[in-house]
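K.L.:
I have a structure here, written as structure tokens, and I will follow up with some questions on it.
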Amino acid sequence: MLRQRLSFRARLLAANLAVVAVGSVVVFAGVGFLAPDLFDVAMGRAMGAGGMGMDAMMGDLVRASFQDAVGTALLVATGIAVIAALGLSALLSAQVARPLGRLAHAAHRIAVGHYDERVEVGTGDEIGRLATSFNQMAASLEANERRRTELVGDVAHELRTPLATLEGYLEGLEDGVVEPGPRTWMLLRAETGRLTRLVDDLQQLWRAETGQLPLAPVTLEPRTFLEAVAQRFAARARERSIGLRVDVASPLPAVRADPERLGQVLDNYVANSLRYGPRDAEVLLRAIPETSGVTFSVVDRGPGLTAEQRERVFERFYRVDASRSRALGGSGIGLAVARALAQAMGGRVWAESAGPGTGATFSVWLPAA
């Protein structure tokens with residue numbers, strides 16, 4: 001209980017004083033036991049060398065005087081040592097405890113929601129490295145909190161439009177303003193389907209980012225896999241007069257991945273290219289060996305990306321053109337799901353573009369089998 005009531009600085013100071021006390025006791029005991037015998041030996045040598053005698057009374061008197069002198073010197077030296085150790089220990093304890101106190105204060109502020117709190121890194125020792133790690137943790141918590149807040153706002157914004165549409169049509173049906181018919185039921189079905197897709201995407205994104213997404217990795221041959229992706233989108237590409245071409249480098253190692261999850265990533269890339277690309281253009285599905293793995297890419301001739309858009313395009317609910325994406329039915333979460341799926345399989349994703357109007361290349365790298 002006493003240890004819990006004492007501060008870290010007090011415990012550190014007490015530990016230093018305990019070391020001084022133990023050292024003093026050892027010095028006292030050592031000198032008290034050894035000094036008289038060593039003194040007698042030295043005096044005996046001196047007497048033998050000088051050829052002089054000394055009676056027992058004189059020897060006892062000298063011995064007692066020596067012990068008194070040694071004891072007094074030890075007391076004075078120990079007192080000086082304790083005072084010096086007390087001052088030095090207090091100084092060192094304060095230097096050690098002060099940054100820890102700042103860390104404790106900053107941790108308390110973060111615990112109550114002040115995620116922008118940081119501590120000064122004044123040294124390069126263990127305490128300095130602890131402060132650096134603390135600042136990194138605080139920055140990560142701040143970023144996570146910012147993303148959480150943005151996610152709540154984005155979800156509320158995405159849900160508002162279909163819910164408002166549903167509410168308006170249901171009120172119209174209730175008041176007799178809107179006539180029930182195939183067109184009305186089709187529109188209501190489309191809005192409920194949009195809500196369902198959004199909820200499913202959010203659930204999948206959450207499961208992937210928290211490591212709760214089940215994976216069934218197998219060995220995949222890149223060419224066969226890309227040809228299957230192209231076959232799935234062949235009809236949609238013909239509707240927009242867009243050609244799909246598969247270009248695979250040779251030789252190319254196999255990859256270890258979940259075919260369903262990798263298919264989701266590439267399907268998202270291809271669907272976006274067909275949705276936003278111009279008619280009578282071409283979309284290239286490519287695979288090349290790179291850095292002990294394989295890079296799958298989808299190259300289009302669409303609107304392209306700016307430097308900022310390249311950095312943010314995989315963020316949740318980010319849209320290059322918000323009005324156009326929403327009109328075409330995009331939720332703004334597909335690329336975020338693709339990034340989470342790639343990371344879950346040990347890969348990574350990125351986008352490349354020379355600028356607006358030059359098309360874009362969306363890639364995913366996976367390690368070789």
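For every residue, the table says whether it meets (1) outside the structural domain of Val199 (by TED's automatic domain parsing); (2) touching a residue at least 12 places away in the same chain (Cβ under 8 Å); (3) part of a helix (DSSP H, G or I); (4) under 26 Å from Arg312 (Cα atoms).
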position: Ser133; (1), (2), (3), (4): no, no, yes, no
position: Ser140; (1), (2), (3), (4): no, no, yes, yes
position: Asn144; (1), (2), (3), (4): no, no, yes, yes
position: Arg148; (1), (2), (3), (4): no, no, yes, yes
position: Leu166; (1), (2), (3), (4): no, yes, yes, no
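K.L.:
Output the residue which, of all residues in region 181-219 that are of a type in the set (Gly, Ala, Ser) and assigned to a helix (DSSP H, G or I), is nearest to Gly334 (Cα to Cα). Break it down into steps so the answer makes sense when it comes.
P.N.:
Pass one, region 181-219, residues of a type in the set (Gly, Ala, Ser): 181, 190, 193, 208, 211, 216.
Subsequent filtering for residues that are assigned to a helix (DSSP H, G or I) retains 190, 193, 208.
On the way: Ala190: 18, Gly193: 16, Ala208: 13 Å.
If we take residues in region 181-219 being of a type in the set (Gly, Ala, Ser) and assigned to a helix (DSSP H, G or I), then Ala208 is nearest to Gly334 (Cα to Cα).
Okay, residues lined up against (1) modelled with pLDDT of 85 or more; (2) among the charged types (D, E, K, R); (3) surrounded by 12 or more Cβ atoms within 10 Å (Cβ to Cβ):
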residue	(1), (2), (3)
Glu158	no, yes, yes
Leu166	yes, no, yes
Leu170	yes, no, yes
Glu174	yes, yes, no
Val178	no, no, yes
Arg189	yes, yes, no
Leu202	no, no, yes
Trp206	no, no, yes
Glu209	no, yes, yes
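K.L.:
When the residues of region 229-251 are narrowed to those that are at pLDDT 90 or above, surrounded by 14 or more Cβ atoms within 10 Å (Cβ to Cβ) and hydrophobic (A, V, I, L, M, F, W, C), which ends up nearest to Ala281 (Cα to Cα)?
P.N.:
Result: Ile242.
K.L.:
I'd like to verify a number: residues in region 269-282 that are touching a helix residue (DSSP H, G or I) at 6+ places or on another chain (Cβ under 7 Å) and surrounded by fewer than 21 Cβ atoms within 10 Å (Cβ to Cβ), how many?
P.N.:
Matching residues across region 269-282 total 1.
K.L.:
Test Pro214 against the criterion of being at pLDDT below 90 and in contact with an Asp or Glu (Cβ under 9 Å, 6 or more places away or on another chain), and give yes or no. Step through it out loud before you land on a result.
P.N.:
Working: at pLDDT below 90: yes; in contact with an Asp or Glu (Cβ under 9 Å, 6 or more places away or on another chain): yes.
Criteria met by Pro214.
The values are calculated or read from the model by the stated rules, or taken from the named source; none is laboratory data. Treat the numbers as computed from the prediction; the structure is a model and nothing was measured. For neighbour counting, all protein chains shown are included, and Cβ atoms are generated from backbone atoms with ideal geometry for every residue, glycine included.
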